[in-house]
């Protein structure tokens, strides 16, 4: 897969402007964006995808050793990097790229996130498109959805999104 505008670290190469040299984009894999260790550090030599991206790191501790989390990054050229994270693994989500993490199964899971901002914000794609003031005609033109489908989604997304946010941020 080819990665656009990412500099995945190549620790075997000479130093570059972002710390390490960039890996050949044709050699980048989902493994470059995740790693596992007893002590989680997330530094570029062990975690190549963290190189030069304004690090956002996620560490997962799955209670009772149960469950996994499916994590995905969608790059600007629509390449998808996916990884099923096990207990003790982390994944970097490059700033500004569409991504998600969903828990598999019914066992409890715990996720930690670190951002380089004290107030990084959150934007849900569904809210941005269907719960905003963006005219339906623009949504139809940019998503190739029919007028009827956009109207249907605008009617249900606000309620669904509020329910989702309540679940995401419940104490």
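The values are calculated or read from the model by the stated rules, or taken from the named source; none is laboratory data. These numbers were taken from a predicted model, which means no experiment stands behind them. Every residue, glycine as well, gets a Cβ built from its backbone with ideal geometry; the counts of neighbours run over all protein chains shown.
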For segment 114-124, which positions are surrounded by 10 or more Cβ atoms within 10 Å (Cβ to Cβ) and at pLDDT 70 or above?
114, 124
Looking at segment 1-19 only, could you name the residues that are touching a helix residue (DSSP H, G or I) at 6+ places or on another chain (Cβ under 8 Å) and either under 19 Å from residue 101 (Cβ atoms) or modelled with pLDDT of 80 or more (or both)?
6, 8, 9, 10, 11
Any residue at all in segment 41-54 that is modelled with pLDDT of 70 or more and either surrounded by fewer than 17 Cβ atoms within 10 Å (Cβ to Cβ) or part of a strand (DSSP E or B) (or both)?
no
If we ask which residues in segment 71-97 are surrounded by 15 or more Cβ atoms within 10 Å (Cβ to Cβ) and modelled with pLDDT of 85 or more, their number turns out to be 8
Quick one: count up the residues across segment 129-144 that are at pLDDT below 90 and more than 15 Å from residue 158 (Cα to Cα).
0
